[in-house]
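Below: the structure, in structure tokens.
The values are calculated or read from the model by the stated rules, or taken from the named source; none is laboratory data. Remember, predicted model here, so these are calculated numbers, not experimental data. Virtual Cβ from ideal backbone geometry, glycine too; neighbours counted across all protein chains shown.
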Amino acid sequence: MDEGQLSRGTKAWWWVAGVVVIVYALFPVAWIVSLSFKTPSDLATGNFLPTNWVWDNYDNILAGDAQELFLSALRNSVGISLIATFISVVLATFCAYAIARLDFPGKRLILTTALAVAIFPVISIVTPLFNLWRNIGLYDTWPGLIIPYLSLTLPISIWTLSAFFRQIPWELEQAAQVDGATTWQAFRKVIVPLATPGVFTTAIISFFIAWNDFVYGISLTSTEAARPVPAALAFFTGASQFEEPTGAIAAAAVVVTIPVVILVLLFQRRIVSGLTQGAVKG
Amino acid sequence: MAAITLKDINKRYGDGFHAVKDVNLDIADGEFVILVGPSGCGKSTLLRMIVGLEDITSGELRIGDQRVNEKAPRDRNLSMVFQNYALYPHLTVYENIAFPLRLSKTPDKEVDERVRRAADLLELNEHLDRKPANLSGGQRQRVAMGRAIVREAQAFLFDEPLSNLDAKLRGQMRTEISRLQKRLGITTVYVTHDQVEAMTLGDRVVVLRRGVVQQVATPRELYENPVNLFVAGFIGSPPMNFISATVSGDRLHTPFGEWTLPASRSADLRGREVVLLGARPEAFEDASVVSDTVRDHGVVFDATIDVIEWLGNEQYAYVPYEAPEDIRAQLAELERELDSEALRTQLVVALDASSRIPEGTPASLWLDLRRVHVFDPETGENLTVSALAERGEAEPNQGAGDGRRPAPGPGTTDRTTTEPGEAPAAS
């Protein structure tokens, strides 16, 4: 990031533009955070900052009435999303490798099918799935959500990863083979490390898709056994039936955002690190 | 270390393209062999077949005394330097060089020893902890070589290793590779399209054209006795001059006068109407600086020089001339095959640096007839070299043990029976 070459004026404009974008993007987040610290009576005042900063909402979801609902949902969400991400990345890695490296009949078919599945509207298959899952006993279970999540995450994983694999110089693998590697060793010792940034990017995208899903989450679960956070938020109740649980929902939303932020921060360096720089002449 | 033997090697791609045709080659243990030819001549394909990255359609490849056709690259124990180096970007220089050793589960202590030795040899010591991305082109090239020499491979294979370097570095690395090979004494096969590399590095040079071996010989033999027009045109810079001549008895009619070849260069020209004479630029000289002792071996003729390039140690003079249309078409075709383009028929003449011939005026030039070759314009065969071979005067072509002469046309061995008066029709 060599900013020294930019003139003062250009630099200032970049700052202004950057701040505008950040404010636009983060304002709703800031609002949610502020909401989560407000007392119920403070909710409707329309002030941005709470009059009294209180931890009641967090108490409520983590230790109070909504605790049971929220914590189990959090556990479900983390578990289901991680498993779905893991399976989809592993499968997509093999699939994309084959697509990028080998010539076999039906290659295009796989890619088009993946795309077709991704285009298919989720809402249209929820009802049949609901019936099917109830009949075969997958309703309200973790696998019952992981399988449909795979249908969302696999296509995009296959597409991103095969694009990534295509950029890796083919000659590296040949060089490894000449150096004495088996096909598997060449894949594991040369291709996998180079593909890692791509795999992590894909993993994060998959995780978000699974983490943010609402339609499957609310339709295919009925109890705490498998209900994920986005669905659980809809079941929050206020102190009385006339009171909206806005504060609790805001607090839950903040808590749910934290793992995502951590995830991005953790993997950011791996994603950014140069992909195939220096492999071949440059 | 081992000898490499290629026997009737063929490569035919799935789309029917016949990339390599019946290649026979014996590479002796410790020999440095160059595969050279214009782009698309099959030299890289041949190398990749030796290393095992390309299947062999037919024929037999032996390394040492083992048939290796069916072996995977890793079982052939060869090491290769790729054109774009193919370094592992996620590994340090040290680990890049150590990679083959790690794969063979060499103990750490030995790995360290051997990597350091290779790094010493290539002067990479201070870069061992860096990643390839932070290295210059020449350094990357050395890392690729380090990875090749760290292992006790049976042979080294180089695929145009210097083509990505700038001219100066290329010269240095060329010397470095030559030194390294002599020091390690390992059989080496080196692919290049650069004839300077071919001439300077190799013990023997294999010239390929459209997948067919044209000539296998030492660089000197290749330069002095090219077997056909293609080799003659490919080796040498500036290239050999080709002058068309009509035959009448012993005399040759050229655009520059009537010449008679000395007995040492003469070929059987009976029944021929047109031949091509080949003379390298240095066979010419400014007539005024030729000493009297050698003057009689050549002819003096007048020509108009239109451009002179003075290089300090010598100078090149360009003499345009008119050639018959069919000869011109043929020379243009040859040029195309050699990856260049002929704009006009001209002589390139190397003159002594002290010569003061001015541009644009008629000058008196001398041609040493002892250094002239006679080519068959149709088959491209070098008649002088064939005649020498028949009289047993020429150095036999090493390597191509069966004495095959890969001129493209048929009937090259019994050319005395060629139909007389077969003038090249306008093509």
Looking at region A:250-265, I want the residues that are in contact (Cβ under 8 Å) with a residue 40 or more places away in the chain and have a partner that is part of a helix (DSSP H, G or I) and aromatic (Phe, Trp, Tyr) with Cβ atoms under 6 Å, at least 6 apart or on another chain. Which pairs are those? A:Ala251/A:Tyr58; A:Ala252/A:Phe70
Return the total of residues in region A:76-115 being of a type in the set (A, V, I, L, M, F, W, C), out of contact with any Phe, Trp or Tyr (no Cβ under 8 Å at 6 or more places or on another chain) and closer than 27 Å to A:Glu173 by Cβ. 12
Among the residues of region B:166-185, are any at negative phi and in contact with a Gly (Cβ under 6 Å, 6 or more places away or on another chain)? yes
Tell me yes or no: at least one residue of region B:248-256 is closer than 30 Å to B:Ala28 by Cβ and of a type in the set (Gly, Ala, Ser). no
Is at least one residue of region B:118-135 more than 14 Å from chain A (Cβ to nearest Cβ), surrounded by 19 or more Cβ atoms within 10 Å (Cβ to Cβ) and either among the aromatic types (Phe, Trp, Tyr) or not in a helix (DSSP H, G or I) (or both)? yes
Return the pair list, or none, for Cβ contacts closer than 8 Å from residues in region B:73-87 that are crowded, with 22+ Cβ neighbours inside 10 Å to residues that are of a type in the set (Asp, Glu), at least 6 apart or on different chains. B:Ser79/A:Asp179; B:Met80/B:Asp159; B:Val81/B:Asp159; B:Phe82/A:Glu171; B:Phe82/B:Asp159; B:Ala86/A:Glu171
For region A:52-64, give me each residue that is touching a residue at least 12 places away in the same chain (Cβ under 8 Å) and either outside any helix (DSSP H, G or I) or closer than 16 Å to A:Pro148 by Cα (or both). A:Asn52, A:Trp53, A:Val54, A:Trp55
Identify the residue in region B:21-52 that is among the hydrophobic types (A, V, I, L, M, F, W, C) and over 17 Å from the mean Cα position of the chain (by Cα) and, among all such residues, is surrounded by the fewest Cβ atoms within 10 Å (Cβ to Cβ). B:Ala28
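Residue by residue through region B:277-296, note down the ones that are out of contact with any strand residue (DSSP E or B) (no Cβ under 6 Å at 6 or more places or on another chain) and modelled with pLDDT under 90. Full working, then the answer.
Applying the first criterion (out of contact with any strand residue (DSSP E or B) (no Cβ under 6 Å at 6 or more places or on another chain)) to region B:277-296 yields B:280, B:288, B:291-296.
B:Ser288, B:Ser291, B:Asp292, B:Thr293, B:Val294, B:Arg295, B:Asp296 - these are the residues of region B:277-296 that are out of contact with any strand residue (DSSP E or B) (no Cβ under 6 Å at 6 or more places or on another chain) and modelled with pLDDT under 90.
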Taking the options A:Ala66, A:Ala73, name whichever one is at pLDDT below 80 and closer than 17 Å to A:Ala253 by Cβ. A:Ala66
Residue by residue through region B:142-164, note down the ones that are touching a residue at least 60 places away in the same chain (Cβ under 8 Å) and not in a loop (DSSP other than H, G, I, E, B). B:Ala144, B:Met145, B:Arg147, B:Ala148, B:Ile149, B:Ala155, B:Phe156, B:Leu157, B:Phe158, B:Asp159
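This table checks each residue for (1) over 34 Å from the mean Cα position of the chain (by Cα); (2) aliphatic (A, V, I, L, M).
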site: B:Leu103; (1), (2): yes, yes
site: B:Asp120; (1), (2): no, no
site: B:Leu124; (1), (2): no, yes
site: B:Gly138; (1), (2): no, no
site: B:Leu169; (1), (2): no, yes
Among the residues of region A:142-175, which ones are under 23 Å from A:Trp211 (Cα atoms) and either out of contact with any helix residue (DSSP H, G or I) (no Cβ under 8 Å at 6 or more places or on another chain) or within 14 Å of chain B (Cβ to nearest Cβ) (or both)? A:Pro143, A:Ile147
With among the polar types (S, T, N, Q), free of Cβ contacts under 8 Å to residues at least 40 places away in the same chain and closer than 30 Å to B:Glu54 by Cβ as the only criterion, which of B:Thr175, B:Thr92, B:Thr106, B:Thr188 stands out? B:Thr106
Condition first: surrounded by 13 or more Cβ atoms within 10 Å (Cβ to Cβ), of a type in the set (Val, Ile, Thr) and in contact (Cβ under 8 Å) with a residue 24 or more places away in the chain. Can you find one or more residues in region B:360-370 that meet it? no
Name the strands (runs of 3 or more DSSP E) wholly inside region B:171-272 in which the number of residues that are surrounded by 20 or more Cβ atoms within 10 Å (Cβ to Cβ) is 2 or more. B:188-192, B:204-209, B:212-217, B:241-248
Considering every residue within region B:163-180, establish whether at least one is at the interface with chain A (Cβ under 10 Å from one of its Cβ atoms) and under 15 Å from A:Leu172 (Cα atoms). no
Kindly establish whether B:Gly64 is more than 13 Å from chain A (Cβ to nearest Cβ) and touching a residue at least 60 places away in the same chain (Cβ under 8 Å). yes
Looking at B:Leu91, B:Leu47, which is the one that is among the hydrophobic types (A, V, I, L, M, F, W, C), in the same structural domain as B:Leu165 (by TED's automatic domain parsing) and part of a loop (DSSP other than H, G, I, E, B)? B:Leu91
Determine whether B:Glu54 is within 14 Å of chain A (Cβ to nearest Cβ), among the acidic types (Asp, Glu) and under 21 Å from B:Thr188 (Cβ atoms). yes
What number of residues in region B:72-109 are more than 7 Å from chain A (Cβ to nearest Cβ), within 21 Å of B:Leu135 (Cα to Cα) and polar (S, T, N, Q)? 3
